[in-house]
Amino acid sequence: MADVPVYLNQLGMVCSLGHSPEQIWQTLQDPNAQPLTRSSQWSPQPVYVGQVHEPLCSLESLPEHQRSRNNQLLFSAFEQIRAQFEQASQHIAPERIGIVLGSSTSGIAEAGDTVANWLDHGIHASTSRYSIQEISAPALSLAQLVNACGPRLVISTACSSGAKALASARRMLQQDVCDLVIAGGVDSLAAMTIQGFGSLESLSADLCNPSGASRNGINIGEGAALFLMSREPGPVILAGAGESSDAHHISAPHPEGLGAIAAMQQALQQRQIKAAEVDYINLHGTATPQNDQMEARAVHQLFGAQLPVSSTKRLTGHTLGAAGAIEAGLCWLTLQQQGELPPHRWNGDADASLAPIQLAESGSWLPQPPRFVLSNSFAFGGNNISLLLERASHD
């Protein structure tokens, strides 16, 4: 069944851009929107973050060890697709339903609060609360909610996690391990995360500036994106998932973009299409000096200078373990349009040292509805993935 198409049937999503796919697309296209806000809640120095400000679902009915903001984001995204899940799963055994998520924070924010309360006030937490920070916690919590008894796992490969969760779910469906999978990514803002990137000198004090000459770091965000994935026909096919490993440096990408090129090539080869058939690329586009230079070089080498590309991280923040899923969600929405593209947001100070690529500014449209789009995610340790999404034809 390796050649059987796997469909991204339904999308639920929440991030700084909004609380539903429709609202997110609308805010994404608003040239005056600036969803990132400046905050000192998580670090000594104020930084821009992509925070979700809309009310999230209540977790009061859940056990204490499941009451994390990460789970609030996750369950809020799931509520958007709950009706479709219940309909799709009616005649599927629980053992054939899987959960595959990407995350890097799990409940570490709440675990940090627990430690602070113990150190500052001598308040001891219950032993059950320890599991709130386990990396598997989001998948196990969601599986319990929906009675999914198939594979239940969280992939944690830093910034490629959400995309790799989709690739893993695709393999489960193609290998007939599951008939239905809820797959995506979730990460929440946490002091440990933000201060950790601060210690790496990777945070920007300003709004991040992907591909700009003055780019100097990332903004962190939070959010969740969940897909219903199955072999049943839907609007979008996950047509390819190219994965590679640089093994070049613990945090820096290979300067020649060798791993990025390999991942993109593999995604195209799985669908047996040429680079010229791709209509748009959502860049990893972190706004760090090395990532943007490497990615521009890799994209230019494979696709030339005319293919529209953009980074959306100035609008969402870098949502880390959720980024690959959220940006796949933006690509999924792009394939529902008649040619309107996610805009590249930056301050416009072009970096002449970058290989030439065509940044899709606000208001960019393709001359026809897109058929193939790529979404890139590159992580620490040279862990790379490129997802190829295809508009499905049901003629």
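The values are calculated or read from the model by the stated rules, or taken from the named source; none is laboratory data. Note that the structure is a prediction, hence the values are computed from the model and not measured. Glycine also receives a Cβ, built like all others from the backbone with ideal geometry; neighbour counts cover every protein chain displayed.
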Go through (1) charged (D, E, K, R); (2) more than 30 Å from L17 (Cα to Cα); (3) assigned by TED's automatic domain parsing to the domain that holds F380 for D179 and report which single condition fails. (3)
Taking the range 155-194 and keeping residues hydroxyl-bearing (S, T, Y) and in contact with a Pro (Cβ under 9 Å, 6 or more places away or on another chain) leaves S168
Could you please give the count of residues in the range 350-395 that are under 22 Å from the mean Cα position of the chain (by Cα) and either in a strand (DSSP E or B) or closer than 23 Å to Q266 by Cα (or both)? 24
For the range 130-155, which positions are crowded, with 19+ Cβ neighbours inside 10 Å and either of a type in the set (S, T, Y) or modelled with pLDDT under 95 (or both)? I132, Q133, I135, A137, S141
Need pairs with beta-carbon distance below 7 Å; first residue assigned by TED's automatic domain parsing to the domain that holds I97 and within the range 207-229, second of a type in the set (F, W, Y) and modelled with pLDDT under 95; sequence gap 6+ or separate chains. I218/F197; I220/F197
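Mind listing whichever residues of the range 269-309 are within 15 Å of the chain's Cα centre (by Cα) and either assigned to a helix (DSSP H, G or I) or among the small types (G, A, S) (or both)?
Listed by number, the list holds a single entry, G285.
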Residue check, A213 against (1) out of contact with any Asp or Glu (no Cβ under 6 Å at 6 or more places or on another chain); (2) surrounded by fewer than 22 Cβ atoms within 10 Å (Cβ to Cβ), all met but one. Which one? (1)
Only one residue in G339, G348 is surrounded by fewer than 16 Cβ atoms within 10 Å (Cβ to Cβ), small (G, A, S) and modelled with pLDDT under 95, so which one is that? G348
Return yes or no: is W332 closer than 25 Å to S103 by Cβ, crowded, with 19+ Cβ neighbours inside 10 Å and aromatic (F, W, Y)? yes
For I326: the one exception among (1) within 15 Å of the chain's Cα centre (by Cα); (2) within 16 Å of A275 (Cα to Cα): (2)
Residue count, the range 260-293 (criterion: over 21 Å from E361 (Cα atoms) and crowded, with 24+ Cβ neighbours inside 10 Å): 4
Specify which of the listed residues (G102, G50) is buried (at least 23 other Cβ atoms within 10 Å of the Cβ), under 23 Å from V177 (Cβ atoms), modelled with pLDDT of 95 or more and not assigned by TED's automatic domain parsing to the domain that holds S310. G102
Residues that are at pLDDT 95 or above, surrounded by fewer than 23 Cβ atoms within 10 Å (Cβ to Cβ), more than 15 Å from L228 (Cβ to Cβ) and of a type outside the set (A, V, I, L, M, F, W, C): does the range 70-86 have at least one? yes
Just to be sure before I move on: is D187 within 20 Å of the chain's Cα centre (by Cα), surrounded by 20 or more Cβ atoms within 10 Å (Cβ to Cβ), of a type in the set (D, E) and on the phi < 0 side of the Ramachandran plot in the structure I sent? yes
